[in-house]
Structure formats: structure tokens, C-alpha cells
1. Every residue in the range 43-74 that is of a type in the set (A, V, I, L, M) and either within 22 Å of the chain's Cα centre (by Cα) or part of a strand (DSSP E or B) (or both), please.
2. Given the structure, is Arg165 among the charged types (D, E, K, R) and surrounded by 18 or more Cβ atoms within 10 Å (Cβ to Cβ)?
3. In this structure, is Tyr144 free of Cβ contacts under 8 Å to residues at least 60 places away in the same chain and open to solvent by 30 Å² or more (accessible area, probe 1.4 Å)?
4. Might you let me know whether the range 156-164 holds any residue that is touching a strand residue (DSSP E or B) at 6+ places or on another chain (Cβ under 9 Å), modelled with pLDDT of 90 or more and within 25 Å of Asp42 (Cβ to Cβ)?
5. Answer yes or no as to whether Gln107 is modelled with pLDDT of 90 or more and surrounded by fewer than 20 Cβ atoms within 10 Å (Cβ to Cβ).
Amino acid sequence: MVTPSRPERARRVALAAAATAVAALAVWLYQDRTPQGDFSADPRPCSLVSAGTAGRLLDGPADGVQAKSSCDWAAPGADKGAQPVLQVQVTRMRVPEARAGFQRTRQESHGKMGPNGTDLSDFGDEAFSRMRYPSGGRMVEEVYFRLSNVIVAVRHAPLDGDFDRARAGAYDVAAEAADRLGKGH
């Protein structure tokens, strides 16, 4: 086996170093530069609402049950057909997708359901609320807000069907969730 001469080895090392530098530069130049956003992990929806807030809105102590990206609270012992609704759903994506998804939800709200949406400016990068009447006939107040690359949907329907109570409860939960998210990033 013939070993290359010292100048030949130096040339090979220099070529290898140059190739590595070019490859590193190419990766850096062509990497995905889409803004990732402030949140690199999925926020836990049950952690966004205090036990006190959930208990106040559900007229008693309530435990949040997390299922993937949402958390549902139910008052213990309440009949499944006649219990208040409190739900927080969190979706994390890249900032451009979050903006587009939020705008799509807002437009669907204003389009399909008439002008029952209200823009909010109190929390998040953008927010709105709307009242829905699902097939069961019970009114549900929904508040949606986007904070960087996270979209949060809050749904609240008190058992008594009180419109003002539904709106105030959903707003309170959204404000608390936005505050907790803001402190967590």
C-alpha cells in the first residue's frame, strides 16, 4: 500500500474541509426559515384554567380531563345530558399556518352563521367571540384567540342558558388562558 505524499495528504484534507464547509453553508442557506413561533411544545390545555375558575363556571368543583389537544371540565355527578359545558382546545402550528387558520375560522364564523362574531382586542395577537346554537339547541359561547403560533378555542355553556353568563364565562377563561400562556413563553 502506497501512502500519499505529505503535500497530497494536505490537499485531500483541504478539499474535505472545503466540501464540509460548502455543505454546511448550503444547509444553512436552504433551511426552512418559516417562523416557528413562541411555542415549541404543545401547551397543556388543562393547565390554562384554574380550578377556581372552572368551579365557579360549573357551579361546583370540577376536574379537567385532557384528551389530546383539548380539556373538558364536568361537574362531578352531573347528568351527561344536562351539564354545563367548559372546554379549552389548543392547536400549535407555525406562525403563517396559525394566522391563516385563525382567519379562516373567523371568516367561517362571519359567513355561515351571520354577523354574530365580535372582534376582541383584549388578549392574544388577534381574537374574536361568537355565539353558536349546536343541534342540541343549547347556546354555546366560543372565544378564539391566537398567540404567536398557538390558537386557543374556549367553549362555555352554562346549564341555565343565560346568554350574558355564557359570554362572561368564556371571556374570563380565554383571558386566564392567554395570561397563563403569556407567562409560559
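The values are calculated or read from the model by the stated rules, or taken from the named source; none is laboratory data. Nothing here was measured: the structure is a model prediction, and the numbers come from that model. All Cβ positions, even for glycine, are placed from backbone atoms using ideal geometry, and neighbour counts span all protein chains on display. Note: areas computed on protein heavy atoms with side chains; ligands, DNA, RNA excluded. Shrake-Rupley method; radii C 1.70, N 1.55, O 1.52, S 1.80 Å.
1. Leu48, Val49, Ala51, Ala54, Leu57, Val65, Ala67, Ala74
2. no
3. no
4. yes
5. Judged against the criteria, Gln107 is not a match.
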